[in-house]
Amino acid sequence: MAAEVSQLLLAVIQGIANGATNDDLTKALPDIEPATRVEALNILLQQGGIEILKKGEKLVYRARDPEKKSALPKDADNEEKVVYGIVEEGGNKGIWIRDIRMKSNLNMIQLNKILKNLETKKLIKAVKSVNASKKKVYMLYNLEPDLSITGGAWYQDQDFEVEFVDVLNQQCLRFLQMKRDGAEKKREGPLAFKQMSCCTVNEVHKFISDLGISKVNLAEADLETILKTVVYDGNAERVRLQDGSFVYRAVNSPLAPTGLVQMPCGICPVIKNCSNCGDVTAITCEYMRDWLD
């Protein structure tokens, strides 16, 4: 009897995308006794046909993807299934414990115990986020954290690797300048010079990889981020090709600004109040004195 009812319940649950509550099941199958319904739901849970979530005070039953197998053992209790399902929804960006508590409606003591059990079984893991070093997000054990969580190659133990980025910036610029110098020596004309001095991200990636200065594997996207910083520094330009891709080439650094342009008066926020006397005057201005020295 329960096996037959389980198939009827599954059909109802599959028809409700966001999941069916006990009220939905009672309304759809009013003739089914509560005890039989519970027994049938347990069969579906054991078979992996549905998953159980908690929204507020209500349990919600949702059909599982038949091709998606759960790593949860069959003897897991309902609370563990609820928490595991919530963590699973967080994907590789994870989910804060506060959000898990709100969605599961479990108290902190009970929730911490469940999370620890799931971590011990290597079903989920806690990952520190670069956005909040004192907080952790939870995700499934076999997932690789999103770059927004780890910070990618530029972070180590939640600390931004300033020196590493500076070294990569210098080496990328050196490669672009080497390419430009090589093009200048060939003297093939301005158009050919421009084409020969351009570098693809792939070429820069190979150069950095061959140097062996990185302890982590850098993707081409990582190197393109560094190349953009070279462009922002005014040492290179980014050229768009007809196929939509981009190449990079070193440019001559602009001339150093003249002394007059460097004087502090140009960026002084109170220059309108400056005069030969009073509180704001060039005679007593410490910035002017430092500039003259």
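Summary of computed values
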quantity: Residues within region 192-234 that are closer than 17 Å to residue 174 by Cα and of a type in the set (Gly, Ala, Ser), tallied; calculated: 5
quantity: Index of the failed condition, residue 186 passing every other in (1) among the charged types (D, E, K, R); (2) surrounded by fewer than 16 Cβ atoms within 10 Å (Cβ to Cβ); (3) closer than 21 Å to residue 240 by Cα; calculated: (3)
quantity: Qualifying position, being among the charged types (D, E, K, R) and surrounded by 17 or more Cβ atoms within 10 Å (Cβ to Cβ), among 113, 125, 121, 135; calculated: 125
quantity: Selected residue (only one of 215, 228 is charged (D, E, K, R), outside the structural domain of residue 111 (by TED's automatic domain parsing), open to solvent by 40 Å² or more (accessible area, probe 1.4 Å) and not in a helix (DSSP H, G or I)); calculated: 215
quantity: Criterion: outside the structural domain of residue 93 (by TED's automatic domain parsing) and of a type in the set (Asp, Glu) - qualifying residue of 166, 146; calculated: 166
quantity: Matching residues in region 12-48 - criterion: being open to solvent by less than 80 Å² (accessible area, probe 1.4 Å), touching a strand residue (DSSP E or B) at 6+ places or on another chain (Cβ under 7 Å) and in contact (Cβ under 8 Å) with a residue 40 or more places away in the chain; calculated: 13, 19, 20, 21
quantity: Test for residue 9: is it crowded, with 17+ Cβ neighbours inside 10 Å and modelled with pLDDT of 90 or more; calculated: no
quantity: Residue count, region 180-202 (criterion: in contact (Cβ under 8 Å) with a residue 24 or more places away in the chain and either of a type in the set (S, T, N, Q) or under 30 Å from residue 155 (Cα atoms) (or both)); calculated: 5
quantity: Residue in region 193-211 that is at pLDDT below 85, surrounded by 11 or more Cβ atoms within 10 Å (Cβ to Cβ) and either in contact with a strand residue (DSSP E or B) (Cβ under 9 Å, 6 or more places away or on another chain) or β-branched (Val, Ile, Thr) (or both) present; calculated: no
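The values are calculated or read from the model by the stated rules, or taken from the named source; none is laboratory data. Just so you know, these numbers come straight off a predicted model, no measurement behind them. All Cβ positions, glycine included, derive from the backbone under ideal geometry; neighbour counts span all protein chains shown. Areas reflect the complete protein model, heavy atoms only, side chains present, ligands, DNA and RNA absent. Shrake-Rupley method; radii C 1.70, N 1.55, O 1.52, S 1.80 Å.
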